[in-house]
Amino acid sequence: MLAKHGGMRYNTFSVNTMKKRILSALLGLALTLSLAACGAGQETAAAEEQLKTAPVVVTTLFPAYDFARELCGGYCEVVLLVPPGAELHSYEPTPQDIVTIESCDLLICNGGESEAWLETVLDGTEGDFSVLSMLDCVDALEEEHKEGMQDLHEEEDEDETEYDEHVWTSPRNAAAICRAITEELCALDPNGAELYRKNCARYCAELDELDAAFRAVVARARGDCLIFADRFPARYFVEEYGLDYFAAFPGCADDAEPSARTVAFLIDRVRAEAVPAVLYIEYSDQRMADVVCEDTGCEKLLFHTCHTVSAADLAAGASYLGLMRANIETVKEALG
């Protein structure tokens, strides 16, 4: 955790101050009328007080955004800073983003190298807000260079540890992150603590069901190896379920053309493992997967990393649970 600091926010999905005040007033009125009908004057006052103290939460990535809105249950303003579909590695904050950060109460970030820009932002902000790093909520794993994977770090300092940042791909990690977010929310807003803890218990139960579903698929599968003809952002996933894997690039690799050696290696692995399908991730051009499938006759399937979603999908109600549930069928097919 990056402790207490001064601040971050976003434009497209942020509710402006006037809208927030109107929303709070409407919610307060609704609660007042509802509770007054039951003669619960004290509860009405408590509900109104909760609306006043509900924190503004800003998140850098979709998983944290989705977790926060589930835990807040509509009582907090939850803002997604990095636009849907944007690539975090090349993201540059705007002046409005800085204002958004400085106006929040809680900033939830990933905390890895891909958010190096955030350190500069935080060093220059003056707001008073808490910062929670998802990487600090779990046991972080070092990024791994697996056999056959294209080496993109030949000139980098070999002594520098680089961690895989896609911690949420394990449902158990997602639950740990949610519990950490809940504790932050309770500390910021004691009046809403009961609500946050109740929502956390409900959501973590759903994450437990998701975890159990993946374990059941792996237990019944013929194989135990996933092949990503793409970047590999699923190390926490395969470690959680005891799976082997092969991939073209590490998860945080920038766009790059695969070498003929890498493509040939993956084709050989598909044949050796007799896998029925190779995987690609969202926003990939899929060309490598197409080459491997054309040569081997296997299928290609989308594995949702949940790193980001499109604006259309977000508007349509895309969620971490929904995307990961789609992965259940993907993994079932890929393992055979």
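The values are calculated or read from the model by the stated rules, or taken from the named source; none is laboratory data. The model shown is predicted, which means the values in this text are computed figures rather than measured ones. Cβ atoms come from the backbone with ideal geometry, glycine included; neighbour counts cover every protein chain shown.
Being of a type in the set (Val, Ile, Thr) and closer than 30 Å to Gly111 by Cα: is that true of Thr296 here?
no
Exactly one of (1) closer than 29 Å to Glu209 by Cβ; (2) modelled with pLDDT under 95; (3) surrounded by fewer than 20 Cβ atoms within 10 Å (Cβ to Cβ) is unmet by Gln286. Its number?
Every condition holds for Gln286 apart from (1).
Report, by residue number, each residue of the stretch 300-317 that is farther than 19 Å from Asp244 by Cα and either in contact with a strand residue (DSSP E or B) (Cβ under 6 Å, 6 or more places away or on another chain) or surrounded by fewer than 19 Cβ atoms within 10 Å (Cβ to Cβ) (or both).
Across the stretch 300-317, the qualifying residues are Ser310, Ala311, Ala312, Asp313, Ala315, Ala316, Gly317.
Across the stretch 189-237, what is the number of residues that are β-branched (Val, Ile, Thr) and surrounded by fewer than 22 Cβ atoms within 10 Å (Cβ to Cβ)?
2
Restricting attention to the stretch 172-188, report how many residues are among the acidic types (Asp, Glu) and surrounded by fewer than 20 Cβ atoms within 10 Å (Cβ to Cβ).
Selection size over the stretch 172-188: 1.
Quick check on the stretch 49-63: of everything there that is among the aliphatic types (A, V, I, L, M) and outside any helix (DSSP H, G or I), which residue is modelled with the lowest pLDDT?
Among them, the one singled out is Ala54.
May I ask you to verify whether Leu132 is modelled with pLDDT of 95 or more, crowded, with 16+ Cβ neighbours inside 10 Å and in a helix (DSSP H, G or I)?
No: the conditions fail for Leu132.
Evaluate the following for Ala247: is it under 19 Å from Arg172 (Cα atoms), buried (at least 20 other Cβ atoms within 10 Å of the Cβ) and among the aliphatic types (A, V, I, L, M)?
No: the conditions fail for Ala247.
Out of the residues in the stretch 76-107 meeting the condition of being touching a residue at least 40 places away in the same chain (Cβ under 8 Å) and among the acidic types (Asp, Glu), tell me which one is surrounded by the fewest Cβ atoms within 10 Å (Cβ to Cβ).
Residue satisfying both the conditions and the ranking: Glu87.
For Ala216, indicate whether it is of a type in the set (Gly, Ala, Ser), out of contact with any Asp or Glu (no Cβ under 9 Å at 6 or more places or on another chain) and in a helix (DSSP H, G or I).
yes
Search the stretch 114-134 for residues that are over 20 Å from His307 (Cβ atoms) and pair each with any residue that is of a type in the set (Ser, Thr, Tyr) and assigned to a loop (DSSP other than H, G, I, E, B) when their beta-carbon atoms are under 7 Å apart and the residues are at least 6 apart or on different chains.
These pairs meet every condition: Gly127/Ser103.
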